[in-house]
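Just below is one structure, and these are the notes that go with it.
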Amino acid sequence: MIKASDIAKGTFILINNQPHVCTEREYVNPGKGSAFVRLKLKNIKSGSVLRQTNKVQDNLEDVSVEYKEVQFLYADSENYAFMDTKTYDQFNIPIEGEEEKRDFLKDGDNYQVVFWEQTPIDIKLPTKMVFTVSEAEKAERGDTVSGATKVITCETGLKVKVPLFIKQGDRILVNTETREYQERVNA
Amino acid sequence: MRHARFTEAIRAFFQGRGYAEVDTPALSPHLIPEPAIEVFQTEYFPERGPARPMWLIPSPELWMKRLLAEGAGDIYQISKSFRNCDFGGPYHNPEFRLLEWYTVGAGYLDSVGVTEDLFSHLLARTAPSRPGEELSPPFLRMSMEEAFHLYADIDLARCQDPLSMKAEAQGKGILIQGSPTWEEAFHIVFLTLVEPRLPRQKPLVLFDYPALVPTTARRRPGTPWSERWELYVDGVEIANCYTEETEPGVLRSFVRHEEERRGRCRTAHASDPDFADLFPSGFPECSGAALGVDRLEMVFAGEKSLEGVILFPFSAILGGQSGRRVKGIT
């Protein structure tokens, strides 16, 4: 069991015997009385979305999942293709509903994938990842005091707002949750 | 400094209307009788004798009501207030600025007018970072009964016991565990179906809360509603207001009910033993409102998180960072 207050984005729980992943979670205290957690849950099998509110002290049934190290191979129009780095088995994860992860998947890189009853159900991205700037316009002379920015494109197609001094070929650290530039990591 | 300009503008507004600014304790040996609120506890070491438990106030209500009972008249203050056990999210900081004001001889709907005037004043004085018409009066007004009709298809006036509220919720596909109180079932439906759908194009006054949600708001005679409203801006709760209950018997029963909930939170605090006794001594008819100043500044700045307006957000200072997202101090 898991306490409602311990559920976070990415936590897996069982609702009506169906596995769900929490996609949004908000703590709400309606001014008077008890505190609540408002959850948005995605059914892993059907993709349907459920909104639910629990008292923070409610107990919910958690799902036991397995994490595997896998290599990202490629994406076609419908699926992401991965390979288990231990067994070399290949498998697909549908892109539908996971479109935003495309920008963070680099061909040949390793990722963690979550399995539930032998079925791959979620791709876990590191909180911060390094990308190479593939397209960047030359810095315009700007008001650098107020921290002027421009938008660049990385090797995966990810677009990031960066400081003007970033140029093509630079390597940058990006927060995968906020899609925000963190720092330049050139050696 | 935007922070300072904002609080100066609030002070100028209330002083211009003849409210006296007061400064009441932030550290207190007892608090308002609302044991469900999670609070911060500390200790005071007197010269002699054992250490005394003390608490940081979750709101200045208790002390301001003492002043009202002594005949202070219209009063306001911007105090630091504290709520413990926050679970994150963009709208909570355990330490926050609370504006609380009391208007003697006024009812809860009079306080809507004061709040609208405050918004007009702040729009003129603080140069918000968003179109002024999104925040300017008149505010939208909707009763809780109407909101439940519109967004949950539930007749709140006819749904006055826990079982019928739970059954209504389950009929809408909402899972509710165990045997909730009416208040818990109401909040679960409200937070799941109603609050996310409230209109956002203008500030919204959601008024006439169910009297079954126990507060110190006066009951509207002959109805199941309390004279209470909350203000929502961008879907975020900004303020809470009552016509204050002044009947000692009703307040004693409120205190008794709240005491029954003791032990449900992590840090049980001592409630003011004299709270209900404030009222027989000529407590004035009045309306009290509490407004989160950080949240107000956030919506005026067009920010989506308190981190955009608080110089040192709690989560960041806890993580050992300076946590500065607000650029400069201007």
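Going by what's in this entry, would A:T87 be described as outside the structural domain of A:T156 (by TED's automatic domain parsing), open to solvent by 50 Å² or more (accessible area, probe 1.4 Å) and among the β-branched types (V, I, T)? Criteria met by A:T87.
Scanning the stretch B:5-31 for residues that are out of contact with any strand residue (DSSP E or B) (no Cβ under 7 Å at 6 or more places or on another chain), open to solvent by less than 40 Å² (accessible area, probe 1.4 Å) and under 23 Å from B:R83 (Cα atoms) gives a single hit, B:F6.
Checked against (1) away from every other protein chain (no Cβ under 14 Å); (2) touching a residue at least 60 places away in the same chain (Cβ under 8 Å), B:P94 passes all but condition (1).
Report the residue count in the stretch A:26-41 for those that are within 8 Å of another protein chain (Cβ to nearest Cβ) and either small (G, A, S) or closer than 16 Å to A:T11 by Cβ (or both). Give the steps one after another, and end with the answer.
In the first step, residues of the stretch A:26-41 are kept if they are within 8 Å of another protein chain (Cβ to nearest Cβ); the result is A:26-38.
So of that shortlist, the ones also either small (G, A, S) or closer than 16 Å to A:T11 by Cβ (or both) come out as A:26-27, A:31, A:33-35, A:37-38.
Qualifying residue count, the stretch A:26-41: 8.
Here's the yes/no breakdown for (1) more than 8 Å from chain B (Cβ to nearest Cβ); (2) out of contact with any His (no Cβ under 9 Å at 6 or more places or on another chain); (3) surrounded by 15 or more Cβ atoms within 10 Å (Cβ to Cβ):
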position: A:P19; (1), (2), (3): yes, yes, yes
position: A:E24; (1), (2), (3): yes, yes, no
position: A:N43; (1), (2), (3): yes, no, yes
position: A:L60; (1), (2), (3): yes, yes, yes
position: A:Y74; (1), (2), (3): yes, yes, no
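For the stretch A:45-58, a residue qualifies if it is surrounded by 12 or more Cβ atoms within 10 Å (Cβ to Cβ) and in contact (Cβ under 8 Å) with a residue 40 or more places away in the chain, and the qualifying residues are A:N54, A:K55, A:V56, A:Q57, A:D58.
Would you be able to say whether some residue in the stretch A:117-129 is more than 12 Å from the chain's Cα centre (by Cα) and at pLDDT 90 or above? No, the stretch A:117-129 contains no residue that is more than 12 Å from the chain's Cα centre (by Cα) and at pLDDT 90 or above.
Looking at the structure I just gave you, is A:E140 more than 30 Å from A:V65 (Cα to Cα), modelled with pLDDT under 90, open to solvent by 40 Å² or more (accessible area, probe 1.4 Å) and not in a helix (DSSP H, G or I)?
Working: more than 30 Å from A:V65 (Cα to Cα): yes; modelled with pLDDT under 90: yes; open to solvent by 40 Å² or more (accessible area, probe 1.4 Å): yes; not in a helix (DSSP H, G or I): yes.
When the stated conditions are applied, A:E140 passes them.
Within the stretch A:154-182, which residues are open to solvent by 40 Å² or more (accessible area, probe 1.4 Å), part of a strand (DSSP E or B) and farther than 17 Å from A:E135 by Cβ?
Scanning the stretch A:154-182 gives A:E180, A:Q182.
Being open to solvent by less than 80 Å² (accessible area, probe 1.4 Å) and either more than 21 Å from the chain's Cα centre (by Cα) or modelled with pLDDT under 90 (or both) is the filter here; which residues of the stretch A:62-72 pass it? Before you say what the answer is, go through the steps one by one.
Step one: filter the stretch A:62-72 for residues open to solvent by less than 80 Å² (accessible area, probe 1.4 Å), giving A:62-63, A:65, A:68, A:70-72.
Hits for the stretch A:62-72 are A:D62, A:V63, A:V65.
Give me the residue from the stretch B:229-251 that is small (G, A, S) and surrounded by fewer than 18 Cβ atoms within 10 Å (Cβ to Cβ) and, out of that set, farthest from the other protein chains (Cβ to nearest Cβ).
To start, the set of residues in the stretch B:229-251 that are small (G, A, S) comprises B:235, B:239, B:249.
Checking the rest, the ones that are also surrounded by fewer than 18 Cβ atoms within 10 Å (Cβ to Cβ) come to B:235, B:249.
Working: B:G235: 11, B:G249: 20 Å.
Here the residue is B:G249.
The residue that is nearest to B:M142 (Cα to Cα), counting only those in the stretch B:176-228 that are more than 14 Å from chain A (Cβ to nearest Cβ) and polar (S, T, N, Q), is B:Q201.
Which one is nearest to the other protein chains (Cβ to nearest Cβ) among residues in the stretch A:1-17 that are within 30 Å of B:I32 (Cα to Cα) and touching a strand residue (DSSP E or B) at 6+ places or on another chain (Cβ under 8 Å)?
In the first step, residues of the stretch A:1-17 are kept if they are within 30 Å of B:I32 (Cα to Cα); the result is A:3-6.
From what's left, touching a strand residue (DSSP E or B) at 6+ places or on another chain (Cβ under 8 Å): A:3-5.
On the way: A:K3: 11, A:A4: 9, A:S5: 6 Å.
Going through the qualifying residues, I end up with A:S5.
The values are calculated or read from the model by the stated rules, or taken from the named source; none is laboratory data. These numbers were taken from a predicted model, which means no experiment stands behind them. Positions of Cβ are backbone-derived with ideal geometry, glycine not excepted, and every protein chain shown enters the neighbour counts. The protein model used for the area step is the full one, side chains on, heavy atoms only, and it has no ligands, DNA or RNA in it. Shrake-Rupley method; radii C 1.70, N 1.55, O 1.52, S 1.80 Å.
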